[in-house]
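Every number here is computed from the coordinates shown, using simple stated rules; none is lab data. What you see is a predicted model, and the numbers here were worked out from it, not measured in a lab. All Cβ positions, glycine included, derive from the backbone under ideal geometry; neighbour counts span all protein chains shown.
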Amino acid sequence: MSELSTNKVLGAILSAALLTVGLGVIVPEFFPELPPAKPGYAVAVPVEVSGPAAPAADTPPDWGTVLPKADIAAGQATTAICQACHNFAASGANAIGPGLYGVLGRQPGTHPGFAYSQSMIDFGKKQPVWDYEHVYEFIKGPQAYIPGTKMTYGGLKDPQARINVIAYLHTLGAK
Ligand code: HEC
């Protein structure tokens with residue numbers, strides 16, 4: 001065996017020894033790390049599974065299809081909840097909330113005589129019209145959609161109920 005080969009063999013043995021020592025150091029440290037990875041699965045997986053499912057069940061409706069089929073009478077009945085704060089009469093009278101006659105097509109935060117929150121006024125600056133889509137999203141969860149709104153109502157979660165309410169609003173002087 002040449003001197004070079006001997007060196008190579010010794011080198012290999014040394015490397016293997018170092019590797020073994022190295023693993024001995026790394027492995028005990030590495031294994032205790034594995035169990036803490038566990039909690040990640042328990043929390044993250046169900047959230048991610050239900051996450052995409054929720055919006056899928058509540059995708060924006062195709063208004064041309066859903067509005068003609070909506071139940072206007074049911075929508076009107078549902079607005080009993082809204083009437084705790086809103087007036088739907090053509091007079092446009094304000095109450096705890098602004099008058100909602102003609103709200104579809106109107107600029108958010110602009111009904112005369114109502115003291116809107118700054119959040120609603122700001123919303124109206126970037127979204128100049130209450131169209132179906134924005135009313136649909138707003139009444140689903142007002143505070144989530146427009147943080148800081150004065151509309152202290154938990155929201156109408158059922159998509160069909162919101163469609164029916166919007167169909168009813170559509171009959172009230174909508175532009
Ligand atoms: C607890 C009282 C309350 C209830 C219940 C309520 N609202 Fe409101 N709503 C308000 C207030 C107050 C505002 C003004 C929000 C602001 O200035 O931030 C408002 C604003 C609105 C606006 C925006 C109007 C505008 O002129 O820009 C719409 C649309 C609306 N509400 C629809 C509804 C509908 C539909 C319901 C029933 C499903 C409802 N609200 C239930 C209090 C209420």
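Modelled label-to-label distance, residue 175 and residue 122, 7 Å Cα→beta-carbon offset: nm?
A separation of 2.5 nm, rounded to one decimal place.
Hey, what does the equivalent ellipsoid look like for the stretch 61-170, semi-axes from the Cα gyration tensor as sqrt of 5 times each eigenvalue, largest first, whole Å? Mind dumping the intermediate values first?
Working: eigenvalues 86, 48, 36 Å².
Calculated on Cα positions only, the semi-axes equal 21, 15, 13 Å.
In what order do 132, 153 fall by count of nearby beta-carbon atoms within 10 Å, going from fewest to most?
Values: 132 20, 153 17.
Least crowded to most crowded, the residues run 153, 132.
Under the Karplus relation 6.51 cos²θ - 1.76 cosθ + 1.60, θ = phi - 60°, what is the ordered set of whole-Hz ³J(HN,Hα) values for the stretch 159-174, x standing for Gly and Pro?
Once rounded to whole Hz, the list reads x, 5, 4, 5, 4, 5, 4, 5, 4, 5, 4, 4, 7, 9, x, 5.
What is the order of 139, 121, 72, fewest Cβ neighbours within 10 Å to most?
Least crowded to most crowded, the residues run 121, 72, 139.
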